[in-house]
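The values are calculated or read from the model by the stated rules, or taken from the named source; none is laboratory data. Note that this is a predicted model, so its numbers are computed, not measured. Heads up, the Cβs are rebuilt from the backbone with ideal geometry, glycines too, and the neighbour counts pull from every protein chain shown.
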Amino acid sequence: MKRKLLVALLLCCLKSVYCQSVHVEDNFDRGWLFARYGSQPDGSSKAEPEQVFQTNFKDADWRQLNLPHDWGIEGPFREDLDGKTGKLPWRGIGWYRKHFTIAPSEKRKQFYVDFDGAMANAEVWLNGHKIGERPYGYSSFRVDLTPHILLGKDNVIAVRLNTEELGSRWYPGAGIYRHVRLVKNNPVHVGHWGVFVTTPSISDKKGVAKIDVAIDNNTSKGQSISYAAEIYQLDANDKPGKKVASSSKQSMQLAALKSQTGNFILDVSQPLLWDIEHTNRYQARVLVYVNNKLVDEYRESFGFRTIQFTHDNGFLLNGKRVQLNGTCNHHDLGALGAAMNIHALERQLRILKSMGCNALRTSHNPPAPELLALADKMGFLVMDEAFDCFRISKTKNKNDYACWFDQWHETDLRDLILRDRNHPSVIMWSSGNEIPEQYSKDKFYLFAEMRNIIRKYDTTRPATCGISAPNKTAFSGVELNVDVHGMNYASGKGYGGDGLYQRFLDFNGHEHLPGYGSETSSTISTRGEYFPGRFQVSSYDLTEPGWGSLPDAEFKELDRTPAICGEFVWTGFDYLGEPTPFNSDASVLLNHSTLSPEELEKEKQKLEQIQKSRPPSRSSYFGIIDLAGFPKDRFYLYQARWRPDLPMVHILPHWNFPNRIGKVTPVFIYTSGDEAELFLNGKSLGRKKKGQYEYRLRWDSVVYEPGELKAIAYKNGKRWADTLVKTSGTAARLKVTADKTVLKADGVDLVFVTVDVTDKDGIIMPTAKDTIHCSIGGAGGIVATDNGDPTSLLAFASPVRPAFNGKLLVIIKAKSGTKGRCRLLVKANGLRSAEQAIDIR
């Protein structure tokens, strides 16, 4: 009996091992070697050797690192570099090499490497043979290792990246900055991104899932195969639970070296719907058999949900209207640069979610796959965007996507759709942003061509484009070449203005055309600066560039036109590069394309004067949240609107102005209530109620005196929320707050620690700029620090940094493979130090 049990267990284990080995995706991030040639961080140049791709090239002295890696973020910042791309030395030629072995026992396998993104002009070699290339740094792509793999011997994969002449309007990063995987398959397997799940019919009783599958035969003879499908519920941690549907096996004849498609129709009883509050997801599994042996198992998550963009009732999710409260965001992660880290990205999304943001625009390029996975799990709607230009360039050197468009645009757009089309969070495909061809009727066909490419690979979501100057382009005919029309700055004085959304809806020929604000506001500010010095912008939230508008103007237009689906604000977070209004980048003139020649000349002269002053600004001022992840005042203006049921009230400015005693110092209140009363040192300064299209309450004639400001908000006549700000004493101590106190010892997990400068009573010192020294002992290390100052040119890796308006951020990672505890110590001259203990497991 024991022997039979042992044999049964052994067979079970063997079966498990076999099943796990039919489709394996190994982490391929670790153990790379890196060398940089061409432009160097200090401005010098280093000659690139020949034959770097050859197996016998000497790489023993190269730098060892793990991916993802962004060589540009390492700095140093340089004042002589362009502010538009963050004053960072990201231009250069980077080579990555990795040595690895494949066991002889895997000789019948197919081997691939999947790159989630490599910036830019990627060329890939294996054992001296070129096996692939991809110019566009934001695209995910696969290379086939199989023809040149060596079994039981040293293999060398080499990747060359070149950003020397790359054109970009923001900081793009540089390097293999997203994840890489080694994929091992049997010769007959599901193709790359080969499963597409749609839900053509959904009711309370039954959800229909249609599973299309492409199966590859990489053998030299035809194959008779069978295949089946199963559906499981997924929990919040991506673990499959109950099986809810399965198919019988189907047969397929596969020709040699060919791919063929098949499909299943499966019914799921009482399907749990996916929406932004209930992120119910399922997993489809496709099983492929040859001679009744399992040769591949492919898993893909999806959700049951319906979407509809309407002309007269906005956006519908599962038949219910949902206002798009969206933000646009570039791909960098602040002090971490472009290097993907899922914990940093999740932190950004948590902050946005707390503001009430429910939608994301991937401006202006394909995102990291992790963004879509997190959006599915956290409840965000996604506008998935492909390009920043078509054939007409937007940069001085004309070496942006325009130089690749003709050869690569269908491949890049196709791969974006194939990769992302199973995500329930994705609700529309955007072909691009502010495409210059939008102004030429003879080029409108390009927008239709992009729409047709999208429809070729997915008919379940609409095609769109973020189109600027809607005072012209919303009525020119270009808007008829998309399924849903995105309007950039429809409430802006330079682009749209009063009532433009309604004019768009009422225009002849638009009877069935939905619309939304694809890019809105562009209000600029610096956190904690109210009467700013040079190269900072006031946080009174009253400053916008010539093409933009204040949030209030966009709110008004959306309230007046409820059939418009919503907005995507520029931007959720500050980002590296494009530091308008202190931008020496002439491409900013693109945002004034509707101005007269005389007006354009004036703008050009302004930019020339800015360029002469060489402003130190290296990151944007557009963010509702600063580069370090600290909310600006504007955060609470949006929270008040986007979370109307959250009792909240926010006062600005802070109340530390020793040089303004006796001077008028305006006070604003942002609240989800409908009225508020303001008190200064216990004395009421009046109770004010929001009027129609009024979104902030203002007391413009307050005379400053130290003490306490208090606000009491009311809603429907009842007390709703209250808050206060106090004049602090002198800086006396440091306070630390970690976003978590347990850290995984995987070399990836991060802890974000906020350091506040306070007085002796714990009141934050909102003007403090004390220099803070950070050190760490034990099994952790400091990855980066930041303070949100857009003019700081101190390298992010520095553990010593001044606080900016009372705050500092420290990012900590565990040393790979170590466990125990680490302790962060923060010090500043004359202040009481603080510590934060973190357990590493």
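Miscellaneous remarks
- Complete set of residues in segment 431-449 that are in contact (Cβ under 8 Å) with a residue 60 or more places away in the chain and either aliphatic (A, V, I, L, M) or touching a Phe, Trp or Tyr at 6+ places or on another chain (Cβ under 9 Å) (or both): GLY432, ASN433, PRO436
- Scope segment 419-445; condition in contact with a helix residue (DSSP H, G or I) (Cβ under 9 Å, 6 or more places away or on another chain), buried (at least 22 other Cβ atoms within 10 Å of the Cβ) and over 23 Å from VAL197 (Cβ atoms); matching residues: SER431, GLY432, GLU434, ILE435, GLN438
- The listed residue being surrounded by 22 or more Cβ atoms within 10 Å (Cβ to Cβ), in contact (Cβ under 8 Å) with a residue 12 or more places away in the chain, under 33 Å from the mean Cα position of the chain (by Cα) and farther than 19 Å from ALA721 by Cα, out of SER620, SER672: SER620
- When MET487 is tested against (1) crowded, with 17+ Cβ neighbours inside 10 Å; (2) under 27 Å from the mean Cα position of the chain (by Cα); (3) in a helix (DSSP H, G or I), just one condition goes unmet, and that condition is (3).
- Residues satisfying the stated conditions in segment 623-645, i.e. within 21 Å of LYS556 (Cα to Cα), among the hydrophobic types (A, V, I, L, M, F, W, C) and either free of Cβ contacts under 8 Å to residues at least 24 places away in the same chain or not in a helix (DSSP H, G or I) (or both): ILE624
- Residues (among the charged types (D, E, K, R) and surrounded by fewer than 23 Cβ atoms within 10 Å (Cβ to Cβ)) located in segment 174-231: ARG181, LYS184, ASP204, LYS205, LYS206, LYS210, ASP212, ASP216, LYS221, GLU230
- Odd one out for ILE276, checked against (1) without any contact (Cβ under 8 Å) to a residue 40 or more places away in the chain; (2) assigned to a loop (DSSP other than H, G, I, E, B): (1)
- Residues considered: CYS328, CYS357. Of these, the only one that is buried (at least 20 other Cβ atoms within 10 Å of the Cβ) and either of a type in the set (Phe, Trp, Tyr) or not in a loop (DSSP other than H, G, I, E, B) (or both) is CYS328.
- Test: LEU287 is touching a residue at least 40 places away in the same chain (Cβ under 8 Å), farther than 30 Å from TYR501 by Cβ and out of contact with any Pro (no Cβ under 7 Å at 6 or more places or on another chain): yes
Here's the yes/no breakdown for (1) surrounded by fewer than 24 Cβ atoms within 10 Å (Cβ to Cβ); (2) of a type in the set (Lys, Arg); (3) in contact with a strand residue (DSSP E or B) (Cβ under 6 Å, 6 or more places away or on another chain); (4) modelled with pLDDT under 95:
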{"position": "ARG391", "(1), (2), (3), (4)": "yes, yes, no, no"}
{"position": "ASP415", "(1), (2), (3), (4)": "yes, no, no, no"}
{"position": "ARG451", "(1), (2), (3), (4)": "yes, yes, yes, no"}
{"position": "ILE454", "(1), (2), (3), (4)": "no, no, yes, no"}
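- Any hit, segment 458-471, residues being among the aliphatic types (A, V, I, L, M) and closer than 19 Å to THR561 by Cβ: yes
- Some residue of segment 718-726 being surrounded by fewer than 17 Cβ atoms within 10 Å (Cβ to Cβ), out of contact with any Leu (no Cβ under 6 Å at 6 or more places or on another chain) and of a type in the set (S, T, N, Q): no
- Scope segment 538-561; condition of a type in the set (A, V, I, L, M, F, W, C), over 17 Å from GLU519 (Cβ atoms) and not in a loop (DSSP other than H, G, I, E, B); matching residues: none
- All strands (runs of 3 or more DSSP E) inside segment 70-145 with 3 or more residues being free of Cβ contacts under 8 Å to residues at least 24 places away in the same chain and in the same structural domain as VAL156 (by TED's automatic domain parsing): 129-134
- Taking (1) of a type in the set (D, E, K, R); (2) closer than 23 Å to VAL810 by Cα; (3) without any contact (Cβ under 8 Å) to a residue 24 or more places away in the chain in turn, GLU346 satisfies each apart from (3).
- Count of residues meeting criterion [within 17 Å of LEU67 (Cα to Cα) and out of contact with any strand residue (DSSP E or B) (no Cβ under 8 Å at 6 or more places or on another chain)] in segment 108-137: 1
- The condition (being surrounded by fewer than 12 Cβ atoms within 10 Å (Cβ to Cβ), at pLDDT 95 or above and farther than 30 Å from PRO615 by Cβ) is satisfied by just one residue among ALA8, ALA60, ALA35: ALA60.
- Any hit, segment 506-518, residues being in contact (Cβ under 8 Å) with a residue 40 or more places away in the chain, surrounded by 24 or more Cβ atoms within 10 Å (Cβ to Cβ), of a type in the set (A, V, I, L, M, F, W, C) and at negative phi: no
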